[in-house]
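The structure appears below as structure tokens.
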Amino acid sequence: MPAKPNGSWKRPENLNQENRTYCFYFMIPYAPVCSIHRLVLFPFCLLLLCFSACSVTKTIPKGDALFVGYNVRVKGENDSSNRQGQLETELSATVRPKPNFSLLGLRPRLAIYNAFYTQKEKGLKHWIMTKLGEPPVLLSEVDTGSISQIMSNRLHNRGYFNNSVSSAAQVQKKKASLSWTARVGEPYRLRQIKYTLGDSLPVQEAIEQTRARSLLQPGSPYDLSTMTQERVRIDSVLKNKGYYFFSPELLIFSVDTTVGNRQADVLLRLKRAAPAQALKPYTLDDISIFAAFSTGDSLAVRDTINYKGYHYIPNENYVRARHLLRGVFLEHDSLYARQNHLLTIRRLAGLSAYKFVNIDYRLDTLKSNALDAAIYLTPALKKSLRAEARMVNKSNGFAGPGLTVSFRNRNAFKGSELLNVEFTGTFESYVGGAVSSTPPEGEENTGNNNLTSYELGVTSTLSIPRIVSPFRLRNLRTAFVPQTRMGLGFNFLSRVNFFTLNSYNASYAYNWRPKETLTFDVTPINLQYVHLSNTDSLFEERLEQNPFLRRSFENQFIIGSIYQLTYSNQMQQKRSTNLFDQLTLDLSGNLVNGIQSLVGASPPTDERPRTLFGSGYAQYVLLDNDFRYYFNIGRESQLVARLVTGAGYSYGNSTTLPYVKQFAVGGPNSIRAFRARSIGPGSYNFRTDTTSSSGAFSFFDQTGDIRLVGNLEYRFPIAGFFKGAVFVDAGNIWLLRQEIGEDGEPGRPGGVFRASNLLDELAVGTGLGLRVDIEFFVIRLDVGIPLRVPYLPKGERFVLSDFKGSFSGENSMVLNIAIGYPF
């Protein structure tokens, strides 16, 4: 908020502690009628009601008013450029100060400021007033005359040399709104653009060669900002042709508006006082690389290694020259090019071994048209050990405390290789799903409803900043460092009273970004072995009842490849819309199965699949896509839509997908009105399925081969680092094939995908969210309310009419607590 000008208002002396009205009520003694659950349901509504009870104008001095809004209109009946909307947006941005933050017509931050106002400079009230509130913006603080002049200048810069701007104020009940009206005619347009360079210097010819892509075109409206951009464009072209000392300020535009008929001639020329060194191109001579530079080091040359025309200083004790030069695009005897300079900085800054990169250029002492380049690389901390305690909240519904200890070596083998070894341990309880303590009628409750587990794992990853391949590949000319990743890991999972699961994995992958928005991640070797042991008798009984579930838990290898393509322009922050799309293809078992077929192995059957080292292997294809659309509304509000689709198909050596590859929905990052793994597949309802075990065993049945999830979320600021959200989620999972149990009865009835039932079997939920966003850390609380439950009988699936505003019982609200945004 801009500081108040001299002579600004002072808070009235009679506004003392006794007379002040507070607008926050901590409790309403009406508990017999209104349950605590219902109070929790509507926190935002109650907050807004409190704000609405506050008088935002009670502290406005006499003779002044609260500045609540403004509008800008551009009237140009004779303007053929059709830029009125664009001009209104540009002129509106010049209004200062802005009115107080408003949400749904209310001003919560101003209400907080008034409620907690204090003249003390310390204490809780002062902290709330200054951090969460904001002082009122007064009409007297808005200098309408200066703003009108600024608007007129902006219009002049856009070619409206004859314009007028007026303002008017409307005050009602101590609230003021301002309106500006700008009247313009036809803008001046460019008639001719000439380059009056006048001599034969090399720079003149280089500038003339840029005319084909000039931003200035005859017939276009006069625009000062376009001329400024044209100077920058020409400078950028010259910088890549060796003109190191050139700058945009050396170009001057002269505009003649006396030619008549609202036209202007533009002349471009070089400044007469331009220094001689700016008018000639330079080549690179000596290139020195200080591979272990630190502030305060002497730059005396010692232990220099000459490698492929580069001076490598001091030696190769830290990073070997042959690895480092893959990120250097400056070459001896080549013209200086700004793009090569920036590309070198970005590539070297992407190496884990370094934390700072700088390139300095100096005139060569022997050659008149040459530069010497010095690349200074400051090493990062080579080794580090980190311990992190965290709260685990998994998408499968398990949550609990966890501990991670990681060791990191940022230059493991003198090639800036990043070695990371991570030890993890978690203890989790199942908080998702619809685990019921009441078994179906006529059955005993044989399940353990208190699902707990603990998990121990170790993962080691080696990231090499180059493509390691048996084939000789050219160095990729991209600003992003290509990566080769090798991974090894072991994980021990114990579901108490159910089973233990040992999994071993190894992978070999490549990652590269040919441009800023596109990322390829290819894992040609993805190996995983899953071994189930120590199964409980009740769990064994459940596996016997469901052959498909048993096969998904069998000891088996996953041997295949993963291909992932990601498009994202989220780094382009000035766009009104952003896109993210990630496509993943997961294949397994095809190569092994093909080799066994070639050597004459017997065909696989459901009961006797082919094996590898005595264990079966999975054969499937899985395709998954995550699409997100971000529509930015103003500076802080955003409308986000997401569509997640996926399908997996097992064939050949497998009759079902491995359990770890099957889809599930629900939870804090999916359909938030339903707990994780509490819905699907399709309209299947384990509560009424007599072939399904009750209680905790239902957790294992809520998976499928097809996934469809859609989300729509509106995000908006509340106050300070508090953000709000309103969302709608919909989706479900389905089976591709009907399961048949040991007794010949179909398993999980209603779970098979039918296109005709798609819309009717979607689970739908809505809700409100509160996010504490402190930039590097986000705590998210989302309250989901179910609207449609797909496993209920047809005609009873819309449940909003049964909503009771509590967190317990059928179709109750769901509180999701998570870290980070859902998407």
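The values are calculated or read from the model by the stated rules, or taken from the named source; none is laboratory data. Here the structure is a predicted model, which means the values were calculated and not measured. No Cβ is skipped: glycine too gets one built from the backbone with ideal geometry, and neighbour counts run over all protein chains shown. Side chains included, ligands, DNA and RNA excluded: accessible areas come from the protein's heavy atoms. Shrake-Rupley method; radii C 1.70, N 1.55, O 1.52, S 1.80 Å.
Pairs of Cα atoms nearer than 8 Å and 6+ residues apart set the relative contact order; for segment 453-556 it is 23 percent.
Among the listed pairs Lys239/Lys355; Lys661/Lys804; Lys271/Lys367, those with a Cα-Cα distance over 29 Å are Lys661/Lys804.
Take every DSSP beta bridge whose two residues both sit in the chain; close to 90 percent of them are antiparallel.
Explain nothing, just the number: relative contact order of the chain, from Cα pairs under 8 Å at least 6 residues apart, as a whole percent. Could the numbers behind the result be given before it?
Values: 1818 pairs, mean separation 55.3, N = 823.
The value is 7 percent.
3J(HN,Hα) along segment 798-807: 7, 10, 4, 5, 8, 5, 10, x, 10, 9 Hz, from the Karplus curve 6.51 cos²θ - 1.76 cosθ + 1.60 with θ = phi - 60°, whole Hz, x for Gly and Pro. Set against the labelled values (1) 256; (2) 240; (3) 191, volume of the Cα convex hull per residue in Å³ computed from this structure falls on (1). Per-residue SASA remark: Trp127, around 110 Å² accessible (1.4 Å probe; ligands, DNA and RNA not included). Between Ile740 and Leu473, the FRET efficiency from the beta-carbon distance, with R0 = 56 Å, is close to 0.65. Counting every alpha-carbon pair across segment 177-231, the share separated by more than 18 Å comes to 51%.
Put a dot 7 Å past the Cα of Ile819, heading toward its Cβ, do the same for Val778, and the two dots end up 1.4 nm apart.
A Förster distance of 35 Å, applied to the separation of the beta-carbon atoms of Ser368 and Leu565, puts the FRET efficiency at 0.10.
Can you work out the PRE-style zone for Phe716? Point 7 Å along Cα to Cβ, and I want the residues of segment 62-103 with backbone N under 16 Å. So the set is 100-103. Calculated mean residue ellipticity, 222 nm, the chain: -4000 deg cm²/dmol, from DSSP H runs (n ≥ 4) at -39500 (n - 2.57) each, averaged per residue and rounded to 500.
FRET efficiency for the Leu403 to Lys515 pair, using the beta carbon distance and R₀ = 30 Å, is estimated at 0.15. Using a cut-off of 22 Å between Cα atoms, the listed pairs Lys125/Lys174; Lys58/Lys175; Lys62/Lys175 include Lys125/Lys174 as exceeding that distance. Take segment 81-181 with all the other protein chains still there, run a 1.4 Å probe, and you get 51 Å² of accessible area per residue. Using a 7 Å offset from the Cα along the Cα-to-Cβ direction at both Leu583 and Glu205, what is the distance between the two label points in nm, to one decimal? Rounded to a tenth, the inter-label distance reads 4.7 nm. Counting only protein chain heavy atoms and rolling a 1.4 Å probe, the accessible areas of His531, His323 rank, largest first, as His531, His323. Taking θ as phi - 60° and the Karplus parameters 6.51, -1.76 and 1.60, the scalar couplings of segment 139-151 work out to 4, 5, 7, 8, 8, 5, x, 5, 5, 4, 5, 4, 4 Hz in sequence order, x denoting glycine and proline. Accessible surface of the chain, 1.4 Å probe: 55 percent of it comes from carbon and sulfur atoms.
Just to be sure I understand the model, the point goes 7 Å from the Cα along the line to the Cβ. What's the resulting Gln339 to Phe490 distance in nm? It works out to 5.1 nm between the two label points.
The magnitude of the dipole of the chain, with charges of +1 and -1 set on the Cβ of Lys/Arg and Asp/Glu and taken from the Cα centre, is near 3260 debye. For segment 632-645, 3J(HN,Hα) computed residue by residue from phi via the Karplus equation (6.51, -1.76, 1.60; θ = phi - 60°) reads 7, 10, x, 8, 10, 8, 7, 10, 10, 10, 9, 9, 10, 10 Hz, glycine and proline entered as x. For Ile679, the solvent-accessible surface with a 1.4 Å probe is about 0 Å², rounded to the nearest 10. Considering only Cα atoms, the convex hull volume of segment 712-764 works out to 109 Å³ per residue. Shown for segment 576-688 is the translational diffusion coefficient from the Stokes-Einstein equation, using the Kirkwood radius over Cα pairs, a temperature of 25 °C and a viscosity of 0.890 mPa s: 140 µm²/s. Per residue, segment 609-689 exposes 37 Å² of solvent-accessible protein surface, assessed with a 1.4 angstrom probe and all protein chains in place.
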